[in-house]
Amino acid sequence: MDEKAVIDLKGQVRGDVIAPGDKRYDEARKVYNAMIDKRPAVVIRCADVADVITAVKTAGKENLPVAIRGGGHSVPGFGTADNALVVDLGRMKGVRVDPVSKTVWADGGCTWGDFNHATHAFGLATTGGIISTTGIAGLTLGGGIGYLTRGAGLSLDNLISADVVLADGSFVTASEKNHPDLFWSLRGGGGNFGVVTSFQYKLQPINDIVGGVMLFEVEDAPKVMIAYNKYITNAPRELGAFFAWQIAPPLPFIPKNRHGNTFCAMVVCWTGPHDQAGKAIAPLREAAHVVAEFVGSMPYPAMNSMFDGLVPPGLQHYWKAVYVRDLTDGAIEAHMKYGPKVPVVNSTIHIYPINGAVQDVLPDATAFGHRDARSATVIAGMWPDPAQNDANIRWVKDYYAALAPHSEQGGYINFAAGDDMNRVAANFGSSFDRLRKLKARYDPDNLFRINQNIIP
Ligand SMILES: Cc1cc2nc3c(=O)[nH]c(=O)nc-3n(C[C@H](O)[C@H](O)[C@H](O)COP(=O)(O)OP(=O)(O)OC[C@H]3O[C@@H](n4cnc5c(N)ncnc54)[C@H](O)[C@@H]3O)c2cc1C
């Protein structure tokens, strides 16, 4: 962008307009994944919807692609790009809870921590991610898998409406009644269709939960995986649970001499009556000998931030994902070959359930195209030292290559890597063809292409 265009923008925008040469530029171009090093044409830290409209219109006029940044957690770093105009919503964090209708409006720059802080005051919550620093925007638009999914559905299943700035700079509120095609595509189509400035969700009465983590020996992992796989499909819906591989951090509930050892883990979150938690968790706890356990009653936001310390900003990230229908012997073998080799304490592999309330919704009711999967697996490589990039990326790729033959072709778009563009159609699954038609209608010039891109 030339200097005059930047000066013009500064005259119109209430937030910050940060171009190369500005002392804030290096900070403003950063995203969560420290491996991403892009030089956008300009970063606009929007203060309000008017700023977003100006930003999108300017991108169209200047012929610049838009990189939308909500919480900035995209592993491929879609919240920034070379020569792009970054619409950064990080300053837009308003949340308004209506406790009577049990609904909430939350701005596009909120994290799940911001969201839960506001809703917990009313004893309410909805499905968010596992980590509190992830943005509600990217997570919801791609799906939204978390502790509450089995009872409340995906995050996007709880969406009632969304305020959106479209590629031509116009503003609409999309819902089942207004712009239903757009509303359909927002629920699973990622950031392909416009900038969502505010989301309206329904909420559930969820306050304190019983949750935490249990660690098992590596050699017991097949038993734990099988018990989990067998139980979780029909377990009470108040139970959220996922399988993980995890190196033990130096925490007091883990015997000192086991710190740094690798374990397999079950992470649980029970939202039902607390005196029934033990019974609900028992089939997982009894799968094998529990080496260490930290499970107890806590406010839901505490559960939602329990693992934040393992994934501070500034790590390098490289992830791969697959949907899985059956946990076959071949899949277990692949897990047993690579899971115990998890290289650092920050890295992990999660197997999340896709069942319960997710499957109450008809497969074509939203653009989330994989409701028939039984689980979503992510191999999440996260490490502090850039000198270790090759070794960590190799581990993720090898693990993925071993698991792929036992999995669906597609993976969850929010867990996909930047080099997964050849899997876009499979990742969007059964929704892809309709998404493509709607992309041609709402964004024919592909202004919003810094994402798991649906080429119109
Ligand atoms: C540590 C960590 C933990 C995670 N845990 C989970 C989890 O438990 N469950 C889960 O489902 N996912 C999880 N994810 C994946 C997460 O869903 C994606 O990374 C998601 O894209 C993050 O959203 P964001 O707003 O923070 O990202 P951003 O990088 O800001 O945005 C990602 C993409 O989303 C789109 N987008 C963002 N904001 C908007 C907006 N306002 N309007 C339109 N499009 C927008 C854009 O296309 C952008 O390219 C996790 C990621 C990380 C790094």
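The values are calculated or read from the model by the stated rules, or taken from the named source; none is laboratory data. Because the structure is predicted, anything quoted here is derived from the model rather than measured. Every residue, glycine as well, gets a Cβ built from its backbone with ideal geometry; the counts of neighbours run over all protein chains shown. Side chains are part of the model used for accessible areas, which takes the heavy atoms of the whole protein and leaves out ligands, DNA and RNA. Shrake-Rupley method; radii C 1.70, N 1.55, O 1.52, S 1.80 Å.
Using the rule -39500 (n - 2.57) for each DSSP H run of four or more residues, divided by the residues of the chain, the 222 nm mean residue ellipticity is -7500 deg cm²/dmol.
Judged by the mean number of other Cβ atoms found within 10 Å, the most tightly packed of the peptides 243-249, 335-341 leads the ranking 243-249, 335-341. If exposed means no more than 15 neighbouring beta carbons inside 10 Å and the site is in a DSSP loop, what's the longest run of the chain without any exposed GluC sites (Glu not before Pro)? Maximal segment without exposed cleavage sites: 1-175. Summary of packing: across the peptides 372-383, 250-261, the per-residue average of other C-beta atoms within 10 Å ranks them, highest first, as 372-383, 250-261.
When the alpha carbon gyration tensor of the stretch 1-40 is reduced to an equivalent ellipsoid, the three semi-axes, largest first, read 22, 11, 8 Å.
Comparing A106, T58, G71 along the charge dipole axis of the stretch 28-109, the residue lying farthest to the positive side is G71, per the Cβ-charge model. Rounded to the nearest 10 degrees, the inclination of helix 389-403 to the longest alpha-carbon principal axis of the chain is 70 degrees.
Rounded to the nearest 5, what % of DSSP beta bridges with both residues in the chain are antiparallel?
Roughly 90 percent of the beta bridges in the chain run antiparallel, per DSSP.
Accessible surface area normalised per residue over the stretch 40-182 is 31 Å², counting heavy atoms of protein chains with a 1.4 Å rolling probe.
Helix 329-338 and the longest principal axis of the Cα set of the chain meet at an angle near 80°. Computed from the alpha carbon positions, the gyration tensor of the stretch 1-157 leads to an equivalent ellipsoid with semi-axes of 31, 17, 12 Å, biggest first. Between K337 and R258, the C-beta separation translates, for a Förster distance of 22 Å, into a calculated FRET efficiency of about 0.45. Residue by residue, the stretch 239-253 carries 3J(HN,Hα) couplings of 9, x, 7, 8, 8, 8, 9, 7, 7, 6, x, x, 10, x, 7 Hz when phi is fed to the Karplus relation 6.51 cos²θ - 1.76 cosθ + 1.60 (θ = phi - 60°); x denotes Gly or Pro. For the stretch 276-356, the spread of Cα coordinates along the three principal axes comes to 37, 35, 29 Å, biggest extent given first. Tell me the angle of helix 3-12 to the major Cα principal axis of the chain, expressed in degrees between 0 and 90 and rounded to the nearest ten. Between helix and principal axis, roughly 80 degrees.
Computed over every Cα-Cα pair of the chain and binned at 10 Å starting from 0, the pair-distance distribution P(r) comes out as 4, 22, 32, 26, 12, 3, 0 percent.
Along the stretch 73-84 the Karplus relation, 6.51 cos²θ - 1.76 cosθ + 1.60 evaluated at θ = phi - 60°, assigns HN-Hα couplings of 7, 3, 5, x, x, 6, x, 7, 5, 4, 6, 9 Hz to successive residues, with x for each Gly and Pro.
Counted by Cβ distance under 15 Å from I354, the other residues give a net charge of 0, where Lys and Arg count +1 and Asp and Glu count -1.
The separation of the stretch 186-239 from the stretch 70-97, counted between C-alpha centres, amounts to 24 Å. Taking only protein heavy atoms and a 1.4 Å probe, the accessible area of the chain is 52% carbon and sulfur. Across the stretch 78-153, Cα-Cα pairs more than 20 Å apart make up 33 percent of the total. Here the ratio of the Cα radius of gyration of the stretch 289-410 to 2.2 N^0.38 Å is 1.20. In this structure the amide hydrogen of N83, modeled in the peptide plane, comes within under 5 Å of the amide hydrogens of R39, A41, none closer than 5 places in sequence on its chain. With a Förster radius of 45 Å, plug the Cβ-Cβ distance of D82 and R14 into 1/(1 + (r/R0)^6) and report the FRET value to the nearest 0.05. That pair, D82 with R14, gives E of 0.95.
Each peptide in 347-356, 269-278 gets a packing score, the mean of other Cβ atoms within 10 Å over its residues, and the list from highest to lowest is 347-356, 269-278.
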